[in-house]
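The values are calculated or read from the model by the stated rules, or taken from the named source; none is laboratory data. This one's a predicted model, so the numbers in the text were calculated from it and none came from an experiment. Note that we place each Cβ from the backbone using ideal geometry, even for glycine, and neighbour counts take in every protein chain shown. Surface areas here come from the heavy atoms of the whole protein model, side chains and all, with no ligands, DNA or RNA. Shrake-Rupley method; radii C 1.70, N 1.55, O 1.52, S 1.80 Å.
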Amino acid sequence: MGKPRFIYYTATTLDGFIADEADNLDWLLSQPIDEDGPMNYASFIRGIGVIAMGATTYEWIGAHELEVGGPWPYEIPCLVFTHRDLAPVADSVHIVSGPPAEHRAALEAAAGDRDVWIVGGGDLAGQFADAGMLDEMIVSIAPVTLGSGRPLFSRRFDLDLVEVVRNRAFACARYAVVGPRDDPGA
C-alpha cells in the first residue's frame, strides 16, 4: 500500500474565486454539469478516505445543509482545521488546530489505501502546499466571473497540467503540483 495522495478538488470561477465575499456559491450551483460526466464528484469521492476541511466550509455546510434538516454529508472521517472553538456535528468530525504537518500521520492513517481530500478553502490548500502536502489539484472552472471573493489558491506554485476535459459548462483540469515558484521580487 502506497502513501495517500493529498488532493485539492474544487470548483472556481474563470477569474479564480471559489466563493464570493459573502461565501455565496450561487454562481456554482446554477451551472449545468453532468453528474456522471468527466471528473465527477461521485467517482472522485470513492477514492477518498479522509477529508481535511477549513472552518469556513464547515460552517457553510452547517448553515446551508444541516440547518435545513439535512444530515452531515460525509461518512468518512473529516478533520476540520481551525483556531476557533467549534463543535463537531457528527461522530466522523474531528476539530483540530495547528498546521497540516502536525496532522499528517493522522490524515494518512485515516486515509488508509485511499486519498486525502482538501476541501473548502484556497488558504487551507495553500497551507498543505507550503508543508509539501499537496500532490494534485483538480479544478472545475465555471464560465462566470465574480470580480472578487475567496481566492482559489493564493500561493506562487508551479503546476503541471495532466488532464483537461469538458463537463457541460465546466472546463475540468487535473494538475500535478510541481512546487513553489520563485518570487522574482525577493
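How do 35-46, 109-120 rank on mean C-beta neighbours within 10 Å, highest first?
109-120, 35-46
What nm value, rounded to one decimal, do you get for the distance between ASP113 and ARG166 when each label is placed 7 Å out toward the C-beta?
That separation, rounded to one decimal, is 3.8 nm.
What residues of the stretch 111-147 lie in the reach of a label at GLU65, counting those whose backbone N is under 13 Å from a point 7 Å from the Cα along Cα→Cβ?
119-120
Label points 7 Å out from Cα along the Cβ direction at SER148 and ILE76: separation in nm?
3.6
For a quick check of understanding: with a 1.4 angstrom probe and all protein chains in place, what accessible area in square angstrom does ARG168 have, to the nearest ten?
Roll a 1.4 Å probe over it and ARG168 shows about 140 Å².
If I compute Cα extents along the principal axes in Å from the structure I just sent, which labelled value in (i) 76, 32, 28; (ii) 42, 37, 35; (iii) 50, 42, 36 lines up?
(ii)
Which value at 222 nm does the chain reach when only helices count, each DSSP H run of 4 or more adding -39,500 (n - 2.57), with the total divided by all residues and rounded to the nearest 500 deg cm²/dmol?
The per-residue figure over the chain is -4500 deg cm²/dmol.
Quick one: among PHE81, PHE157, PHE17, which has the greatest mean-square fluctuation in a GNM of the chain with alpha-carbon springs under 10 angstrom?
Looking only at PHE81, PHE157, PHE17, the biggest GNM fluctuation is shown by PHE157.
At what distance in angstrom do the alpha carbon centres of the stretch 60-98 and the stretch 10-45 lie from each other?
20
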